[in-house]
Amino acid sequence: MSILRITGGKRLSGEIHIHGAKNSVLPIMAASLLSSGETIIHNCPSLSDVDAAMKILRHLGCVAEKKDDTVYINSSTMTNCQIPDGLMREMRSSVIFLGAILARAGRAVLSMPGGCELGPRPIDLHIAAMRSMGAEIEEHGGNLICSASGLRGCRIDLTLPSVGATENSMIAAAGCQGTTVITNAAREPEIRDLQDYLRELGVPVSGAGTSIITVEGIDLSKSVKRVEHRIIPDRIVAATFLSAAAASMGKVDILGIIPEDISSILNVFTDMGCSLNVGKDWVTIDAQGGFRAPKPVVTRPYPGFPTDAQPPLMAACLKADGTTVLVETIFENRYRHVPELRRMGADIRIDGRVAMVSGVNKLHGALVAATDLRGGAALAVAALAADGTTEISELKHIDRGYDGLVESLRALNADAERID
């Protein structure tokens, strides 16, 4: 078992480069199955979810290798269309492979996905989209048996702007006959990144960043045979280090980001009284003068405040002047880390989907366990603000979304170490 040990009390200072986005690289790795050639992905973080996606690609018969921050995939050798239960359970977004396998092979067999237990994240929108394109889908013993003699372009009206369902629909539509129009589509920056990759494959796609996306299907055998793509920076990792800088009342330069992608996050830190200086691809946050509780923060689909940034923000507000009100509208179990924060002296009250965080004068180190990916990040942020030493276990959750977290914290003057 690995433990992250952080001794708080040090102000973070220095600069940090943000790695590639987990929520961008995973759908693009799945979409690489559309090509019967090579995909080279740059700025790919070293994460357990990326490792899981590579295992899935290899099981399907593809070549998948990683060196430093570059992933090489050759899907011309794909021979399988079934993902076993063990691999599906390794990451929650594994269902993203459904549309790609179905479009490429005309058949797919998948079990239900695993990942963080944040409450129901139904895949009914994914299934409904595939059926709209002509797929026949049955469930047997927890497995989805999917087949399609030929997917057809259609109109897909999503009842919710689901990121995963939007991505799966775009990927499957790339191999459809005709035009697919996706309405009420998710607008996240990661959707835009997927669109860029599909265009590089030769697929005419437009509308990413809006609620209507149009995909012109192509003959996949005629797709571009070699594509190189660079993943956009991870905006949630950027939000985590903004929170860490505030919690430690430090000053940090956050480099290699797209500021407009995190505008809703930056607005909250400005509201907290932190000093922000924003450049073309960087942000400097200065919280050395302290900070106050922000106005109520409500999580929303993009361009609203992201649900994944809410737990680290909560941790940053534990010692804020005043009471912070957080309203979680995306996941019903997003507060599973709160009992762990209370072990550290946090004053948090939960009423349904509302969390009220009253600032305290002092937090103290404790033995805590990560309950999920972003909850684990919240514990690390809180540990930076606490007196004494905090030991965080269950790092498998943090490893899903943060590449070299300890090294990054140490580079910013934090007293942090990982004990395996």
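Given the structure, is residue 252 crowded, with 16+ Cβ neighbours inside 10 Å, touching a Leu at 6+ places or on another chain (Cβ under 6 Å), in the same structural domain as residue 167 (by TED's automatic domain parsing) and not charged (D, E, K, R)? For residue 252, the condition - crowded, with 16+ Cβ neighbours inside 10 Å, touching a Leu at 6+ places or on another chain (Cβ under 6 Å), in the same structural domain as residue 167 (by TED's automatic domain parsing) and not charged (D, E, K, R) - is not met. Of all residues in the range 246-296, those satisfying the criterion of being charged (D, E, K, R) and touching a residue at least 60 places away in the same chain (Cβ under 8 Å) are 251, 253, 261.
Per the listing 355, 386, 346, the residue uniquely without any contact (Cβ under 8 Å) to a residue 40 or more places away in the chain and over 21 Å from the mean Cα position of the chain (by Cα) is 346.
Here residue 362 meets each of (1) over 26 Å from the mean Cα position of the chain (by Cα); (2) at negative phi; (3) crowded, with 17+ Cβ neighbours inside 10 Å with one exception, condition (3). In this structure, is residue 349 surrounded by fewer than 15 Cβ atoms within 10 Å (Cβ to Cβ), of a type in the set (D, E, K, R), at pLDDT 95 or above and not in a helix (DSSP H, G or I)? The answer is yes for residue 349. Only residues that are more than 21 Å from the chain's Cα centre (by Cα) and either within 27 Å of residue 197 (Cα to Cα) or in a helix (DSSP H, G or I) (or both) were counted in the range 1-38, giving 5.
Could you please find all residues in the range 398-420 being closer than 21 Å to residue 365 by Cα and either free of Cβ contacts under 8 Å to residues at least 60 places away in the same chain or part of a loop (DSSP other than H, G, I, E, B) (or both)? Of everything in the range 398-420, those that are closer than 21 Å to residue 365 by Cα and either free of Cβ contacts under 8 Å to residues at least 60 places away in the same chain or part of a loop (DSSP other than H, G, I, E, B) (or both) turn out to be 407, 410, 412, 413, 414, 420.
Being in a loop (DSSP other than H, G, I, E, B) and among the acidic types (Asp, Glu) is a property that residue 90 has.
The values are calculated or read from the model by the stated rules, or taken from the named source; none is laboratory data. Computed from a predicted structure; not experimentally measured. Counting neighbours? That spans all protein chains shown, and the Cβs are built from the backbone with ideal geometry, glycine included.
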